[in-house]
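Let me begin by presenting the structure, written as structure tokens, before commenting on it.
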Amino acid sequence: MQHTATQDTLVGLFVAAGFAGLFFLALQVSNLSSFGQQDTYTVTARFESSGGLKIKSAVSAAGVKIGKVTDISFDTKTYQAVVSMAIDAKYNTLPDDTTASIFTAGLLGEQYVNLDAGGSDTVLKNGSKIDITQSAIILEKIIGQFLFKSAEEKAQGDKK
Amino acid sequence: MMQFFQNLGADTRTSFTKLGRGTYFLLSTLAGIASVLPRPRLLMNQLYSVGVLSFLIITISGLFVGMVLGLQGFYILSDFGAEESLGVMVSASLVRELGPVVTALLFAGRAGSALTAEIGLMKATEQLSGMEMMAVDPIRRIITPRFLAGFISMPLLAALFSAVGIIGGQLVGSGLLGVDDGSYWSQMQTQIDFYDDILNGVIKSIIFGFVTSWIALFEGYDAIPTSEGVSRATTRTVVNSAFSILILDFILTALMFGDK
């Protein structure tokens, strides 16, 4: 094939377009720009049950995403779930009596950690523990309790 | 009965011999890289015919695949009242699976078959033996630049395919069907991870580019030097590439996304 300058230009354009596509994917599509390289600090919280929480689940306060879950492990001594969260360093004024609860987005949506700010003067730092927690609500458990209760009531009604 | 076992044995042996030849061919192609890099002209010509000429088919297919995903995704998701997640659905399926796989299939059909036919015809018209007579190594002069071009073009084409597809999904989703533009992008950005999703997709496309170029060039180089032999080799390139891509895709997906 004969080589021409036009060909060089076209190859250049092609390579540039390919890299533009990659940049588009990296910056516009993925979370690289929002929570990638930024500074974070880590806090942990213990829950009786972590429900369907996953690594990378959102951590939000007042509905705004401020961080993500980085690790979930099981404590063999206290039998609790230990959830580590990386919180964006610019949100560094959360008081240390903040309540962490696991909520579900919508009835069947994804689970996330919600932080409710308390009133203390000292703030959460890297490595702090959140003491006040509220476990995930497990829908099956509630349905089970409801069914059990209504069956019990029915049985009592039959006796009378 | 005896005949059957004899044939079976002969076929098995032939296919292993072919795989062995293919591996030897791949190694000598890779060994030629060092002598191609000082002569970028050879590579540029091939980047043009393998990459630039595939550009149009890839972008147009990507646009329409994204638009179909937007449409189908909207119909399914709106049953659950989750149209807002359309962006996640379109981008996750494109970046993880459809981008690399469909690009590789199109690439095998568009560029792979052309490479096989070109090399096969060079062999049939004894151009390759002619080069050897002039003490020019045909692998280094002909095969390696084409291999490198395929290897470089595939990830770029796959990234383009996914990017154009996501824009296509957005055009249909928020342009035609009224999904909120902000939630299309923001849900996508929270759910798609750069390392887990996008880099794994890129790795997939690099592997597919490697395999497709290898198969296409080897089938051409190994073709029986007649017009019938070249036509069979071209068919084999497309069929074998498609098989390898789909099987490899399953294995790679299991390895990459298995631990979630």
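Quick rundown of the values:
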read-out: Rounded Å value of the spacing that divides the Cα centres of region B:1-76 and region B:152-202; value: 25
read-out: Within a Gaussian network of chain B (alpha carbon springs, distance under 10 Å), most fluctuating of B:Gly130, B:Gly120, B:Gly168; value: B:Gly130
read-out: Assigned charges on the beta-carbon of Lys, Arg, Asp, Glu; region B:121-257 dipole about Cα centre (debye); value: 420
read-out: On Cα atoms only, tilt of A:5-24 relative to the major axis of chain A in degrees; value: 10
read-out: Principal-axis tilt of helix B:2-31 within chain B, Cα atoms, nearest 10 degrees; value: 80
read-out: Area accessible to solvent at A:Ile137, 1.4 Å probe radius, in Å²; value: 90
read-out: Shielding of A:8-18 by partner chains, average beta-carbon count, 10 Å; value: 6
read-out: Residue among A:Ala61, A:Val15, A:Ile143 farthest towards the positive dipole end of chain A, charges placed on Cβ; value: A:Ile143
read-out: Selection from B:Gly32, B:Thr234, B:Ser61, by position along the positive dipole direction of chain B (Cβ); value: B:Gly32
read-out: Magnitude of the charge dipole, the protein assembly as shown, Cβ model with Lys/Arg +1 and Asp/Glu -1, debye to 20; value: 1060
read-out: Relative contact order for region A:38-144, counting Cα pairs under 8 Å that sit 6 or more residues apart, in percent; value: 35
read-out: Rounded to whole Hz, the Karplus (6.51, -1.76, 1.60) HN-Hα couplings of region B:219-226, x for glycine and proline; value: 4, x, 5, 9, 5, 5, x, 10
read-out: Magnitude of the charge dipole, chain A, Cβ model with Lys/Arg +1 and Asp/Glu -1, debye to 20; value: 360
read-out: Sequence of A:Ile87, B:Ile76, A:Ile138 from largest to smallest accessible area, 1.4 Å probe; value: B:Ile76, A:Ile138, A:Ile87
read-out: Unit charges at the beta carbon, dipole of region B:129-212: most positive-side option, B:Pro155, B:Ile139, B:Thr190; value: B:Ile139
read-out: Helix A:139-159 vs. chain A, principal-axis angle (Cα, 0 to 90°, nearest 10); value: 20
read-out: Cβ-derived FRET efficiency at R0 30 Å, B:Ser15 paired with B:Asp137, nearest 0.05; value: 0.65
read-out: Per-peptide average of other Cβ atoms within 10 Å, ordering A:141-149, B:31-39, B:236-244 highest first; value: B:236-244, B:31-39, A:141-149
read-out: Calculated from backbone phi, Karplus (6.51, -1.76, 1.60) coupling profile of region A:40-48 in Hz, x at Gly/Pro; value: 9, 10, 10, 10, 10, 9, 9, 10, 5
read-out: Residue-span extension gain [B:Arg232 to B:Leu56] - 0.36 nm each, minus C-alpha spacing; value: 60.7 nm
read-out: Solvent-accessible ranking of B:Met1, B:Met256, largest area first, probe 1.4 Å; value: B:Met1, B:Met256
read-out: Rough spin-label spacing in nm, given labels placed 7 Å along Cα→Cβ, for B:Glu84 and B:Leu171; value: 2.7
read-out: Estimated FRET transfer efficiency when R0 is 45 angstrom, pair B:Ala34-A:Ala105 (beta carbons, to 0.05); value: 0.25
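The values are calculated or read from the model by the stated rules, or taken from the named source; none is laboratory data. As the structure is a computational prediction, the values presented were derived from the model and not from experiment. Note that we place each Cβ from the backbone using ideal geometry, even for glycine, and neighbour counts take in every protein chain shown. The area values use the complete protein model at the heavy-atom level, side chains included, leaving out ligands, DNA and RNA. Shrake-Rupley method; radii C 1.70, N 1.55, O 1.52, S 1.80 Å.
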